[in-house]
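Below: the structure, in structure tokens.
Quick note: the coordinates plus some simple rules give every number you see, no bench work behind them. Note that this is a predicted model, so its numbers are computed, not measured. Heads up, the Cβs are rebuilt from the backbone with ideal geometry, glycines too, and the neighbour counts pull from every protein chain shown.
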Amino acid sequence: MKGLETIKEKATGVFGGMKLKPQFENFEISKPGGYEQMEGGDGGVPGEGHYGEYDDRPDSPASFEEVERPPLRKVDKYCKAECPCLPQRFTIAMMACIGFMISFGMRCNMSAAKLKLEHNGTAFLNWTVAIESHVDSSFFWGYLVTQIPGGFIASKFPANRIFGLSIVSSAFLHLFVPWAMTLMQGRVVICVRVLQGLFEGVTYPACHGIWRFWAPPMERSRLATLAFSGSYAGVVVGLPLSGILADVIGYQAPFIAYGIFGLTWYIFWLWLCFETPRKHPAISIPEMKYIEKSLGETSAHATMPNLKTTPWRDMLQSMPVYAIIVANFCRSWNFYLLVLYQSAFLKHKFDFKIEEAGIIGSLPHLIMTTIVPFGGMLADYLRKNGIMSTTNVRKLFNCGGFGMEGLFFLFVAHSDTATGAMFALTCGVAFSGFAISGYNVNHLDIAPRYASILMGLSNGIGTFAGIIVPYVLDELIKSNPKHCWTTVFTIAATVHLIGCSFYGIFASGELQPWAEPVVEEKKVWTPTSAGYVTETAFNEQTETTHMQQPPNTSNYGATGHVPNNPFAATSLSQEYVQPDASSSTMPPAGGGTFFSDNQYNQDPSSSGYNNY
């Protein structure tokens, strides 16, 4: 038995490393100036154990290149650019989430300031209904203008920089809003708000531009919804915080606080977020390999679309595109209704105080914020395990969310008690959280190449809802502030039910024919076309390069010593000699020829030398 064990151990040593594909020598990955990634293990990211599932797939073209890490910045030498226990792609999602929280929190400040000024009976009440409507909608004038250009800007320039600059610029302008409110009966604040909208109009297209390089296809829903959940978390925090700051300190406090939040966030964004995985100095090699291989062959070298190369005609004839646009408009109508008028609804109809309206009004958005990322994970689970197709997942989540919100808004419209109204409002807003895993991620399904442009188009048209809502509601509220809310929420329910029906009929989750890469971009570099066979696997396999012989050239096999080769003869027999160059004798079957020891010492110019 001991002899059998010895034989087993030797056999394991010989064949243990053999796989279906040949093994190569280990090679060192060049990392000039970057972090050492693979210390103490396989280099995996904590909490992410699934990188290996892609190891048998072909490497992306970028993986054939020598992996060079970007040089460290000064701050990186003292503090590594990463969040503990988070992969880099989820770090970017979290930072984008916080950025959206600040962006949407700033939109809650004006409603709290108006309620505070109305409560104090100050001179700002001299604003006419038209001026108030202009102030409420002025942000969306600028927001609308930069939506579609924002898609091209995010395609031409690094999307992470565009996203960061848009939020920090808006935050800087936000510091001047209280001062502008005292000038020229609100006209100056309208100008400042238009500028803020111009800057923030590129945030959603830029975010989709980020996921073009960072989101593996089967993680699109969870990463995108994690980032977008900041929009609703911003309302959760913004409504009560704005009410408390305005009530305790003054109407100027919310604007100053959020301006400082935005400037501080931008410092961390510059530190932690990068355009692509290849440009991140702290990303692990397995995570970078996983992202690149998941995104496919064309992602590494594809050129970015521009105004000329975008298939506008096909895009505008595509019903799945219109399904996303209609859904975005319907969702924007109800969302901006709640952001701008929810506190007024609770105060006027149920006599809530300012701070109470903010705190209680944030409850629906709090529940929605928790549902949005959960819905994204559930959607990815259904798709990844083949339980439902992408199209059916998008339709189920979007129509289910819209339909339930529309139904509960009808209960809000006819509720006479604060408890009943808040319960229905909370349930409706919570269910709408599932819709974000429908229409708001759908751009990446039907046209990942044009996702930022499509997001700008759909979000731009959705912005019309933010412009129309103040003009419609301000007149209703001023004429009958206590009993107008039945009409307001009935309209909101009708809008959502229309969006639910349209999306259910025309939406799709499949890549559209017009969204395929152009012919030139499909001609990516392939090692076989260049005369080489290259195989790369980070930290597991090796990279080697073999010259391919012309079809009419005989291959005489390896002429060098291969360590631990169980099939190598200890002494080469003299009877196997290379055939004479003039001889027509062919090599033995199998393509190999055994050489004598003397043949290894021949001069390269001799006729029998196999020149490599």
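If you filter the range 208-317 for trypsin sites (Lys or Arg not before Pro), then keep DSSP loop positions with at most 14 other Cβ within 10 Å, what is left?
Here the sparse-neighbourhood loop sites are Lys308.
For the range 155-209, what relative contact order do you get, as a whole percent, if you take Cα pairs closer than 8 Å and at least 6 residues apart?
Taking the mean separation of contacting Cα pairs over the length of the range 155-209, I get 53 percent.
Please compute the net charge surrounding Gly151, taking Lys and Arg as +1 and Asp and Glu as -1 over other residues with Cβ under 12 Å from its Cβ.
Summing Lys and Arg as +1 and Asp and Glu as -1 gives +3.
With 18 Å as the limit, write out which pairs from Lys74/Lys279; Lys114/Lys353; Lys77/Lys293 have Cα-Cα distances beyond it, or answer none.
As for pairs spanning more than 18 Å Cα to Cα, those are Lys77/Lys293.
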